[in-house]
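One structure is given here, and the rest of the page talks about it.
The values are calculated or read from the model by the stated rules, or taken from the named source; none is laboratory data. Worth saying up front: this structure is predicted, and the values here are computed from it rather than measured. FYI the Cβ positions are ideal-geometry reconstructions off the backbone, even for glycines, and counts take in every protein chain you see.
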There are 2 protein chains.
Amino acid sequence: MLIVQKFGGSSVADAERVFRVANRIVDTYRQGNEVVVVVSAQGDTTDDLIDKANEINPNASKREMDMLLSAGEQISIALLAMAIEKLGCPVVSLLGWQAGFLTNSTYSAARIKTVNSERIRAELDRKKIVIVAGFQGINKYDDITTLGRGGSDTSAVAIAASMRADLCQIYTDVEGVYTADPRKIPSAKKLEEITYDEMLELATLGAQVLNNRSVEMAKKYSIELEVLSSIVHAPGTKVKETVKMEKMLVKGVAKDLDIARVMIVGLPDEPGVAFKVFSRVAKAHVNVDLIIQSVGRDGTKDITFTVKKSDAQKTVDALQEYCDHLGAKKLYFETDVAKISVVGAGLETHEGFAARMFEALSDKNINIQTISTSEIKVSVLIDDADADVATAAVHDAFFGE
Amino acid sequence: MLIVQKFGGSSVADAERVFRVANRIVDTYRQGNEVVVVVSAQGDTTDDLIDKANEINPNASKREMDMLLSAGEQISIALLAMAIEKLGCPVVSLLGWQAGFLTNSTYSAARIKTVNSERIRAELDRKKIVIVAGFQGINKYDDITTLGRGGSDTSAVAIAASMRADLCQIYTDVEGVYTADPRKIPSAKKLEEITYDEMLELATLGAQVLNNRSVEMAKKYSIELEVLSSIVHAPGTKVKETVKMEKMLVKGVAKDLDIARVMIVGLPDEPGVAFKVFSRVAKAHVNVDLIIQSVGRDGTKDITFTVKKSDAQKTVDALQEYCDHLGAKKLYFETDVAKISVVGAGLETHEGFAARMFEALSDKNINIQTISTSEIKVSVLIDDADADVATAAVHDAFFGE
């Protein structure tokens, strides 16, 4: 089998952990598999480098930031390769550009255009374990780019897709995908399987197990993913197109605190207004999550939507002039909100799921500010002070004894 | 003017020093020059990375060591570029491979084959300051190589040669080339000028100001070098083909403690023996310095030569079998030796220089074990315990009041 394994930065934070990971890789290799490994920068390396940059120039260009940060993975691939050499296996480490990662030129948040895996293939044919630097590539100018946070997951899936790997294993510090955050909700259960779409919703909703772009890419190229622990030897959670029917319907309850609610009150009720609002937001490179448009007073309408907290001010700035021009009454944002979501394929064909969620919140006296539903999820916005209680209550309603 | 400036690792060890260097560069740029900067890894970065590697695998492959160590310069070029951005000048940082450094495949001690400076030229044409990672390149397999210790000097001169730069400035923590180590000999004088050949002898003899390969390359391509301080604003020492005649004849006194003396006693006195001995030494990748062959007893001959301390055991190992085969009486090395040298173009046309040196040593009761002379230097081997006294005495004989 051709297996791609991805290890995060905490898995290789020190020499002991590097060897733990190296042993995993060597085990897989000695079972007769071809192994390509994607690894992130060690532990706090990336944050340390960011601190160094901030000390010198907090407004450094993203091109130079990418030059700086990509050194982190360069260090970790070399050290991991050295550990595998010590264990007696043939190995070679490759930087993003050596491994054929071509991206667009959006420094710090680049998208992979292609992975030319010829070099990786040649090294595998020489019976080598191949260690690839995650998170990085080069653009058409031969400049180094990084894929942004969580980019190493995407690197791993991109290699798996390019090489038609049989399996892409994502090793993390949790044992798989849970019905809720197991550090917060002790009754949370590990899922054996989950579909790409469910995983996508969970990722969007703030469950930090897998980077969303990596799941999208896995879905597009039908790459079977497995999320599993880099410490505990146990099967993890498989992410695939379809899962067995007898499995539970609701896959998880997720909480997202990194959101802000932007509100525009008193927009003229004319065609094209929403389009123009959101094209301005898109131009500011802000991703919008939930959107609710409602009828206001006196022939006006109100628009509410959510963005990441760090994008809130930028969003309002991007809209101010246009809203003034239209004569909107108010444009503002609030950050004291949380989003609680229930995810599961087939939710829409089963009545009563949304109701059961609302009942659990009502029992705890938690006010629902906004509701949004899709085919496989129900999300509500609530006061962020209620987030933990709400998550526990909703989880208990679906997974309680 | 097109000026290449090289800054060592201690010059960019922290944010304050990075800005000091950045200001130097920006000054040069604002005077209307095109500026290409070569920089080493910050302060102790390289040693820290070596420690990390040793913790994991002290016998790591050199290929992976080069992958690891080259990350050090990647960090320093990005940080220096960020500082220059902060000072408001257009700048771009380039890794060895981006700057066109192609080397052979001797990992950890690679030789530069060519510098394809197209990218650097294009960035200069865009009015940018170009910051290049020293010490590194890639080989024909697209793998990263490093040039070995002091390689950043060579990187700088190679760029200057490839681009026909008007001047190559090597910034260091001393103010220029001195007649002796100014930390040890307070009366040491800074030289205004020195020839390539004199500089080569001084470098060979243990004066650590400039890497030898860089001086050889500068000589070959007639690149004018200037050695100057990265801290004090003052003219340094110019290294060039010819210097004014009225300048002092003796350029410096150098001391080298990193030598071992290898002795072979009782070799058969036949043609080809010396050739075979030294071809075996060369095969072991050991550089030989002084060689003295003398007549032994009973139709045999003895050979004495010096190598770096770290190469001594390897040298004896490489020769053991052959010496046994020839019936040599003894093969051994000693490390308690030091080499003291006087350097100056034209020494051979001035009688009495060697004698003045020997007199100074004799006055201090220091025994000379071996003497070796060339056109521009006189070297003696003495007991290493006498090295400091000998250096001071010889310096005083030539430069004393």
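Side notes on the structure shown:
- For the condition in a loop (DSSP other than H, G, I, E, B), hydrophobic (A, V, I, L, M, F, W, C), crowded, with 21+ Cβ neighbours inside 10 Å and touching a Lys or Arg at 6+ places or on another chain (Cβ under 7 Å), B:A110 does not qualify.
- Close pairs (9 angstrom Cβ cut-off, 6 or more residues apart or separate chains): touching a residue at least 12 places away in the same chain (Cβ under 8 Å) in segment A:71-82, among the aromatic types (F, W, Y) anywhere: A:G72/A:F135; A:E73/A:F135; A:S76/A:F7; A:L80/A:F7
- Contact map, segment B:46-60: residues that are at the interface with another protein chain (Cβ under 7 Å from one of its Cβ atoms) and over 15 Å from A:Q74 (Cα atoms) paired with residues that are among the hydroxyl-bearing types (S, T, Y) and in a helix (DSSP H, G or I), Cβ distance under 9 Å, separation 6+ or inter-chain. No pairs are found.
- Considering residues of segment B:368-386 that are part of a loop (DSSP other than H, G, I, E, B) and farther than 30 Å from B:D317 by Cβ only, the residue modelled with the lowest pLDDT: B:E375
- If you check A:I170, A:I185, A:I194 for being under 15 Å from the mean Cα position of the chain (by Cα) and among the β-branched types (V, I, T), only one passes: A:I170.
- Where A:Q136 falls short, out of the listed (1) in contact (Cβ under 8 Å) with a residue 24 or more places away in the chain; (2) away from chain B (no Cβ under 14 Å): (2)
- Against the list (1) closer than 30 Å to A:R17 by Cα; (2) away from chain A (no Cβ under 12 Å); (3) among the aliphatic types (A, V, I, L, M), the condition B:V37 fails is (1).
- Any hit, segment B:346-367, residues being within 24 Å of the chain's Cα centre (by Cα) and either part of a strand (DSSP E or B) or farther than 14 Å from B:M263 by Cα (or both): yes
- Flag for B:L147 being more than 19 Å from B:A78 (Cβ to Cβ) and touching an Asp or Glu at 6+ places or on another chain (Cβ under 6 Å): no
- Of all residues in segment B:120-139, exactly one satisfies the criterion of being within 11 Å of B:F101 (Cα to Cα) and surrounded by fewer than 22 Cβ atoms within 10 Å (Cβ to Cβ), namely B:N139.
Yes/no per residue for (1) assigned by TED's automatic domain parsing to the domain that holds A:A109; (2) of a type in the set (S, T, N, Q); (3) at pLDDT 90 or above; (4) out of contact with any helix residue (DSSP H, G or I) (no Cβ under 9 Å at 6 or more places or on another chain):
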position: A:V227; (1), (2), (3), (4): no, no, yes, no
position: A:P235; (1), (2), (3), (4): no, no, yes, yes
position: A:V273; (1), (2), (3), (4): no, no, no, no
position: A:A284; (1), (2), (3), (4): no, no, no, no
position: A:T304; (1), (2), (3), (4): no, yes, no, yes
position: A:K309; (1), (2), (3), (4): no, no, yes, yes
position: A:Q313; (1), (2), (3), (4): no, yes, yes, yes
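- As for segment A:218-233, it holds at least one residue that is over 15 Å from A:K6 (Cα atoms) and surrounded by 17 or more Cβ atoms within 10 Å (Cβ to Cβ).
- Test: residue in segment A:1-9 that is over 21 Å from A:N211 (Cβ atoms), surrounded by fewer than 23 Cβ atoms within 10 Å (Cβ to Cβ) and out of contact with any Cys (no Cβ under 9 Å at 6 or more places or on another chain): yes
- Restricting segment B:282-304 to residues that are surrounded by fewer than 17 Cβ atoms within 10 Å (Cβ to Cβ) and among the small types (G, A, S), the residue that is farthest from B:V262 (Cα to Cα): B:G299
- Residue in segment A:313-321 that is free of Cβ contacts under 8 Å to residues at least 12 places away in the same chain and touching a strand residue (DSSP E or B) at 6+ places or on another chain (Cβ under 8 Å) present: yes
- Within segment A:305-341, the set of residues being part of a strand (DSSP E or B), surrounded by fewer than 18 Cβ atoms within 10 Å (Cβ to Cβ) and hydroxyl-bearing (S, T, Y) comprises A:Y332 only.
- Members of segment A:67-107 found to be within 13 Å of another protein chain (Cβ to nearest Cβ), assigned to a loop (DSSP other than H, G, I, E, B) and within 21 Å of the chain's Cα centre (by Cα), listed by number: A:G96, A:Y107
- Failed item in (1) more than 13 Å from chain A (Cβ to nearest Cβ); (2) at pLDDT 95 or above; (3) more than 17 Å from A:I144 (Cβ to Cβ), with B:R111 passing the rest: (2)
- Single residue of segment A:1-34 satisfying the filter (more than 17 Å from A:E123 (Cβ to Cβ) and part of a strand (DSSP E or B)) that is farthest from the other protein chains (Cβ to nearest Cβ): A:K6
- Where A:S61 falls short, out of the listed (1) out of contact with any Leu (no Cβ under 9 Å at 6 or more places or on another chain); (2) closer than 29 Å to A:E175 by Cβ: (2)
- Checking B:M357 against (1) surrounded by 14 or more Cβ atoms within 10 Å (Cβ to Cβ); (2) touching a residue at least 60 places away in the same chain (Cβ under 8 Å); (3) not β-branched (V, I, T), the condition it does not meet: (2)
- Scanning segment B:369-401 for residues that are under 16 Å from B:D181 (Cβ atoms) and of a type in the set (A, V, I, L, M, F, W, C), we see that the one that is surrounded by the most Cβ atoms within 10 Å (Cβ to Cβ) is B:V394.
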